[in-house]
Amino acid sequence: MAVMGKTKSVLTLTGRVINEAVSFIVFSLLDLFDFLLCYVYKLADFFMEAEWKPCYCSSGKEAITSSGKILVSEQGKSKIVCLSSSKLQLEEISDTLYTRPSLVSEVSNLTVTELKRLKVTDRTINVQSCEKIKNGTVRSTFTVNSTIVEMLQGKIGKQQLHPIPRWSDCDCKLCISWTSSCKETLFVRAEGPKAFWTETLFPNFSSAAKSTYRLFAIDLLGFGRSPKPTDSLYTLREHLDMIEQSVLEPYKIKSLHIVAHSLGCILALALAVKHPGCVKSLTLLAPPYYPVPKGTQATQYVMRRVAPRRVWPLISFGASLACWYEHISRTICLLICKNHRLWEFLTKLVTRNRIRTFLLEGFFLHTHNAAWHTLHNIICGTASKLDAYMDAVRDHLKCDVAVFHGQDDELIPVECSHNVKARIPRARVKVIEKKDHITIVVGRQKSFARELEEIWRNSSRN
């Protein structure tokens, strides 16, 4: 037994070393490939749309923007920047959008530093930040990412309102159906096919549950049939505002049970904290909660946990491609999302229509701009806020908290759910054996529907 144990340890260590070595080579090549794709897309955008489009390969250091104000972040601290007579505000923007260390970026930074030393100017603008102190006012100069400035120009000057679609985005009727609506709200499903929740859970709820509760399933901003504005940065505030405008306000919801999966768990926590008196229960499936060690930059830490730049397991490789490479991920969206109708047809043909169509829609119906910004601004950008959200739920909310996680989930490890339990002691964690990130619901929808009904009944008695 001892020999077998040592052999297993040696094999595990060897596999880890091989994985790290291969990963280093592969991702070094991908760094270079993404760098080259940057120029390819600049040319393609110019010829297809008659103008250069900004990307986060630009020299981005400290500024983040949205509307109304600009928040400049320096060494993890945010400061409001005054620009002319108006204030431009951008909240919840993750620095991982423009700071993703790689071999190519390091070489580029050294080159830029040398050019600056030779007084060769970079394409940046300076703005003045206003910081009040006891003895007066101190002005500091910051460098604003030119990409964000260019994206912001359309919002400030009202030169364009949610321009759609870009040449690399799908322009089918399904993907741009939201543009025909006079009011921009999320796509909300109370029932019907081709949706994750409406095909899995809704049909399996009891008649009593359907008659007692109003059931809503929403496509998040930028996904499914919801709006996909190209000038949005898909911040936490934008996502929450759209949920409120699309569900809470029009349906006059004063009391609710929230069920969220994966990235949606972050939005669920933020929504619960924002409306503490309305939430009766909070059910989280595979919440991506990674407590950040003290002294560590939260956004960068979570990005490396979610996307570790490893070729194995494959789901980590896919997450790394989506998180680290702006232009490679855009290419993937160009090949898959823009041509989703072809992929859906081929998938149904090969599987003889055995695969559920709502899974295809969930993977394919989004734009690169939406996926890229949501991934960084929600999962990475909220890293420093989740502890406070958890504490608020623990100390100020009386709602029941239930957490479910698949034991075989390779995208978000089970430890994330146990982290939630450590932060919110009353949370009940259930680990489902032989289930992963998707099959925690798909394949066990009947039992999960019963579990939800029990959670809702118990919370109503309290």
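The values are calculated or read from the model by the stated rules, or taken from the named source; none is laboratory data. Small disclaimer: the values here were computed from a predicted structure and weren't measured. Every residue, glycine among them, receives a Cβ derived from its backbone with ideal geometry; neighbour counts consider all protein chains shown. Accessible surface areas use protein heavy atoms only, side chains included; no ligands, DNA or RNA. Shrake-Rupley method; radii C 1.70, N 1.55, O 1.52, S 1.80 Å.
Scanning residues 5 or more positions from I432 or on other chains, those with amide H under 5 Å from its amide H are H405, G406, Q407, with H placed 1.01 Å from N in the peptide plane. Pull up the DSSP beta bridges for segment 164-460 and report the antiparallel fraction as a percent, rounded to 5. Bridges in segment 164-460 that DSSP calls antiparallel: roughly 15 percent. Could you work out the local net charge near Y213, counting Lys and Arg as +1, Asp and Glu as -1, over the other residues with Cβ closer than 11 Å to its Cβ? Residues near Y213 contribute +3 overall. When a 1.4 Å probe is rolled over the protein heavy atoms, the share of accessible surface on segment 1-53 that falls to carbon and sulfur comes to 78 percent.
Taking a ≥ b ≥ c as the square roots of the Cα gyration tensor eigenvalues, with a/c under 1.5 meaning rounded and otherwise prolate when a/b beats b/c, else oblate, which class fits segment 164-460? Here segment 164-460 falls in the rounded category.
Here, P(r) means the percent of Cα pairs in each 5 Å bin from 0 to the largest distance; for segment 278-421 it is 2, 8, 14, 17, 18, 17, 12, 7, 4, 1, 0. Each Cα pair of segment 220-308 feeds into the Kirkwood radius, which the Stokes-Einstein equation turns, at 20 °C and 1.002 mPa s, into a diffusion coefficient of 145 µm²/s. Computed over protein heavy atoms with a 1.4 Å probe, the accessible surface of segment 1-53 works out to 75 Å² per residue.
For segment 378-462, GluC sites (Glu not before Pro) meeting the loop criterion (DSSP other than H, G, I, E, B) and having at most 11 other Cβ atoms within 10 Å: E433.
Amide H to amide H distances under 5 Å link L220 with no residue, where only residues 5 or more positions off or on other chains count and H is placed in the peptide plane.
Cross-link pairs exceeding 24 Å in C-alpha to C-alpha distance, out of K210/K446; K173/K254; K42/K228; K173/K338; K254/K398; K252/K385, comprise K173/K254; K252/K385. Sequence-distant contacts, meaning Cα pairs under 8 Å at least 6 residues apart, place the relative contact order of segment 321-462 at 18 percent.
Taking the protein heavy atoms of segment 164-267 in the context of the full set of protein chains, the accessible area attributed to carbon and sulfur is 54 percent at 1.4 Å. Once you order the gyration tensor axes a ≥ b ≥ c over the Cα atoms, which shape class does segment 1-53 get: rounded for a/c under 1.5, otherwise prolate or oblate by comparing a/b with b/c? Because a/c hits 1.5 or more and a/b exceeds b/c, segment 1-53 counts as prolate.
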